[in-house]
Amino acid sequence: MGMMVAARRIDATQGEVRYEFGFEDRFDRILTIDPRTLEARVGDGDFNSAASAITAKIVNAWRSSGEFPARMLFAS
């Protein structure tokens, strides 16, 4: 069975970039990335496979373009 995780950026400061994310278009969780260290955490403390997958896609996009994307989709 596949997985589809969507994320949209809701805030970006020098200290953190925040995304709402979830399965399909249910943006029911918050992901926060530190742009200096690329350390990521989730608001509910459950850094599961969905959080890991979307974080990896966001960080890879940042490494490629130098900017945190406004939206991101992970599908497997």
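Some observations on this one:
- Amide H contacts for residue 3 (H built 1.01 Å from N in the peptide plane; partners 5 or more residues away or on another chain; cut-off under 5 Å): 76.
- 0 to 90° range, to nearest 10: angle between helix 49-65 axis and the chain longest Cα axis: 40 degrees
- Which labelled figure in [x] 1.67; [y] 0.93; [z] 1.14 is Rg/Rh (Cα atoms, Kirkwood Rh), once derived from the coordinates: [y]
- Label zone at residue 26 (point 7 Å along Cα-to-Cβ), backbone N below 19 Å, segment 38-76: 42-55, 72-76
- Each of 45, 59, 75 was scored by the projection of its Cα onto the charge dipole of segment 14-76, and the greatest displacement toward the positive side belongs to 59; charges sit on the C-beta of Lys, Arg, Asp and Glu.
- For the set 23, 68, solvent exposure ranked by accessible area (probe 1.4 Å, protein chains only) runs largest to smallest as 23, 68.
- With at most 16 neighbouring Cβ atoms within 10 Å, loop trypsin sites (Lys or Arg not before Pro) (DSSP) excluded, longest segment of the chain: 37-76
The values are calculated or read from the model by the stated rules, or taken from the named source; none is laboratory data. Not measured: the values here are computed from a predicted model. Quick reminder, even Gly has a Cβ in these numbers, built from the backbone with ideal geometry, and neighbours come from all protein chains shown. For accessibility, only protein heavy atoms count, side chains too; no ligands or nucleic acids. Shrake-Rupley method; radii C 1.70, N 1.55, O 1.52, S 1.80 Å.
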